[in-house]
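Let me begin by presenting the structure, written as structure tokens, before commenting on it.
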Amino acid sequence: MTRIALRPHRLRAGAPLPAHSAASGGSGGLALEIHRIGSQPLVVVSGELDLAGKDLLEALLAHVRASSSGPIEVDLGRVPFADTHGLEPVLGPDVVVVAASPAVTRLLRHLDVPLRLSS
């Protein structure tokens with residue numbers, strides 16, 4: 001596995017994504033990984049996703065948008081805690097949540113956000 005520390009100011013629009021990369025933030029052990037399924041990127045989020053991790057996730061999704069076309073799949077199945085600030089970056093029309101933990105699913109339902117979980 002290739003580990004790349006990503007910071008918002010170091011991301012370059014249009015730069016190619018590696019087959020697998022990762023970023024870590026200081027928020028509750030938050031870790032973000034990008035996997036490639038063919039040409040489609042999958043962003044896997046692990047750890048607590050709150051206001052402290054929002055900027056890192058936003059920056060990573062912006063990088064993926066600049067480097068890929070089509071919807072971005074996000075796996076939130078390894079997120080034991082999230083708040084509305086942390087979830088904000090995944091609520092865009094070009095993001096598809098393909099997995100979510102029970103805590104994230106409850107929060108999305110409570111906010112009346114349509115679930116777009118894939119099977």
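Observations on the model:
- Of all residues making up the range 45-71, the number that are surrounded by fewer than 20 Cβ atoms within 10 Å (Cβ to Cβ) and not in a helix (DSSP H, G or I): 8
- Among the residues making up the range 20-54, those that are modelled with pLDDT of 90 or more, among the charged types (D, E, K, R) and more than 11 Å from the chain's Cα centre (by Cα) are 48, 50.
- Lone unmet requirement of (1) β-branched (Val, Ile, Thr); (2) open to solvent by 70 Å² or more (accessible area, probe 1.4 Å); (3) modelled with pLDDT of 90 or more for residue 2: (3)
- Of all residues making up the range 98-119, the number that are open to solvent by 80 Å² or more (accessible area, probe 1.4 Å) and assigned to a loop (DSSP other than H, G, I, E, B): 4
- Total residues in the range 79-95, condition of a type outside the set (Gly, Ala, Ser) and under 16 Å from residue 105 (Cβ atoms): 9
- In the range 72-97, the residues that are within 11 Å of the chain's Cα centre (by Cα), under 19 Å from residue 53 (Cβ atoms), hydrophobic (A, V, I, L, M, F, W, C) and outside any loop (DSSP other than H, G, I, E, B): 72, 74, 76, 87, 90, 91, 95, 97
- Applying the condition of being free of Cβ contacts under 8 Å to residues at least 24 places away in the same chain and of a type in the set (S, T, N, Q) to the range 69-117 and asking which residue is nearest to residue 33 (Cα to Cα) yields 69.
- Among the residues of the range 72-97, those that are open to solvent by less than 80 Å² (accessible area, probe 1.4 Å) and charged (D, E, K, R) comprise 73, 75, 83, 94.
The values are calculated or read from the model by the stated rules, or taken from the named source; none is laboratory data. All values derive from a computational prediction rather than experimental measurement. All Cβ positions, glycine included, derive from the backbone under ideal geometry; neighbour counts span all protein chains shown. The protein model used for the area step is the full one, side chains on, heavy atoms only, and it has no ligands, DNA or RNA in it. Shrake-Rupley method; radii C 1.70, N 1.55, O 1.52, S 1.80 Å.
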